[in-house]
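Asker: Below you'll find the structure I mean.
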Amino acid sequence: MDKPCQISTYQQKKIASVFQYCYTVCMKKGITFVLLVVFFALVVFNFASAWGGFWGFFAGKVISAKATEVEEAEASGYTCDAPETFTLKLVGSLTRTPTSFAVGPRASLDTRSGLGHGKATIGVYGGQTLVTCKRPIKGEDEKEEVKNFSLTTVSGPYGFSGF
């Protein structure tokens, strides 16, 4: 009768460390892969995007150097007291509806490049800014027609691409 194969303690520790290494590396790669797949699925099916919630991040392409609402009001004869505004086509938006932003007092431009049509942008938003537009009523002295609307506020750092 043959004796069963005996493994020394040193060999057992060596085998255990190899299995532990493989387990650790495979688990890290597996978890990373699963998280990437879940993130990708959330973005593709629009459960998560570059726009959402009370405070967050936005990313998109500038389609107008002035908010669409402000442009329309000024074209109708209104005078608007709006801060710097712009309109974006947001990344991750399945509706492709442009969104207008007003730059808040605490926002900081973190790039050397300024606002321009067609530039990519990214930043932090939060809250709303009320914009008031007025125009005099014809034939009536000192009476004005008032139009109010709110824009999403850029409340933190933001920037535009260089080209």
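Asker: Against the condition surrounded by fewer than 16 Cβ atoms within 10 Å (Cβ to Cβ) and at pLDDT 90 or above, how does GLU74 come out, does it pass?
Answerer: In short, yes.
Asker: Would you mind stating whether LYS138 is out of contact with any Ser or Thr (no Cβ under 7 Å at 6 or more places or on another chain), surrounded by 14 or more Cβ atoms within 10 Å (Cβ to Cβ), among the charged types (D, E, K, R) and more than 18 Å from VAL91 (Cβ to Cβ)?
Answerer: Taking the combined requirement at face value, the residue does not satisfy it.
Asker: Another question about this same structure. Condition check: of a type outside the set (Phe, Trp, Tyr), in contact (Cβ under 8 Å) with a residue 60 or more places away in the chain, surrounded by 11 or more Cβ atoms within 10 Å (Cβ to Cβ) and at negative phi. Does THR111 satisfy that?
Answerer: Judged against the criteria, THR111 is not a match.
Asker: Only residues that are over 20 Å from GLY92 (Cα atoms) and charged (D, E, K, R): list them for segment 113-135, please.
Answerer: Those that are over 20 Å from GLY92 (Cα atoms) and charged (D, E, K, R): LYS134, ARG135.
Asker: Let me ask something else. For segment 77-90, how many residues meet the condition of being surrounded by 20 or more Cβ atoms within 10 Å (Cβ to Cβ), assigned to a loop (DSSP other than H, G, I, E, B) and free of Cβ contacts under 8 Å to residues at least 40 places away in the same chain?
Answerer: Going through segment 77-90 one residue at a time, the tally reaches 0.
Asker: Filter segment 91-105 for residues that are surrounded by 12 or more Cβ atoms within 10 Å (Cβ to Cβ) and either at negative phi or polar (S, T, N, Q) (or both) and give the result.
Answerer: Once the filter is applied, which keeps residues that are surrounded by 12 or more Cβ atoms within 10 Å (Cβ to Cβ) and either at negative phi or polar (S, T, N, Q) (or both), segment 91-105 yields VAL91, SER93, PRO98, THR99, SER100, PHE101, ALA102, VAL103, GLY104.
Asker: Give the residue that is surrounded by the fewest Cβ atoms within 10 Å (Cβ to Cβ), with candidates limited to residues of segment 1-49 that are among the polar types (S, T, N, Q) and modelled with pLDDT under 65.
Answerer: ASN46
The values are calculated or read from the model by the stated rules, or taken from the named source; none is laboratory data. All values derive from a computational prediction rather than experimental measurement. Using ideal geometry, Cβ is built from the backbone for each residue, glycine included, and neighbour counts are taken over all protein chains shown.
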